[in-house]
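Colleague: A single structure is presented below for examination.
Bear in mind these aren't lab numbers, they're just calculated from the coordinates by the rules spelled out. Note that this is a predicted model, so its numbers are computed, not measured. Glycine gets a Cβ as well: all are built from the backbone with ideal geometry, and neighbour counts include every protein chain shown.
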Amino acid sequence: MGSFLLTVFAGLSELERNLIRDRTEEGRVMAKKRGVQSGRKPKLTDHQKEQVRKMLSEDHPIRSIARHFSVGVATIDRIKKTTLPN
């Protein structure tokens, strides 16, 4: 009898979890339709990204560019990977 109840409760828990996931996803979709931005704000503006691209094309070291904009090296490297061929 105990294992039967445990199985029933596990099934109910799984059903509730699926309902929560569906409602959450529906909320995300509705928010996106309203134009709500989710996630972190970008570290650099579009203008700053253009400056980074210019500095990269002038062969400035990635570390000095990162220091100049007070961001991590990975941020500059990500911009480099999306704009310049290897």
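Colleague: Which one, GLY39, VAL29, THR82, projects farthest toward the positive side of the charge dipole computed for the chain from Cβ point charges (K/R +1, D/E -1)?
Modeller: It is THR82, whose Cα lies furthest towards the positive end.
Colleague: Then there's this: Of SER64, SER13, SER38, which has the largest mean-square fluctuation in a 10 Å C-alpha GNM of the chain?
Modeller: SER13
Colleague: How big is the charge dipole of the chain about its Cα centre, in debye rounded to the nearest 20, if each Lys and Arg gets +1 on its Cβ and each Asp and Glu gets -1 on its Cβ?
Modeller: Working: 18 positive and 10 negative charges, 80 e Å.
That gives a dipole near 380 debye.
Colleague: May I ask you to evaluate 6.51 cos²θ - 1.76 cosθ + 1.60, the Karplus curve with θ = phi - 60°, for each residue of the range 45-51 and list the ³J(HN,Hα) values in order in whole Hz, giving x for glycine and proline?
Modeller: The phi angles translate into 6, 4, 5, 5, 4, 5, 5 Hz.
Colleague: Please give the length that would be gained between LYS41 and GLU58 if that part of the chain were fully extended, namely 0.36 nm times their separation in residues minus their C-alpha to C-alpha distance (nm, one decimal).
Modeller: On the way: separation 17, 0.36 × 17 = 6.12 nm, distance 2.76 nm.
In short, 3.4 nm is gained.
Colleague: So I have [x] 6.4; [y] 10.1; [z] 5.0, and one of them is mean projected area of the Cα convex hull in nm² calculated from this model. Which one is it?
Modeller: Here the calculated entry is [y].
Colleague: Between helix 2-33 and the chain, what is the angle of the helix's C-alpha long axis to the longest principal axis, kept within 0 to 90° and rounded to the nearest 10?
Modeller: Helix 2-33 sits at roughly 40 degrees to that axis.
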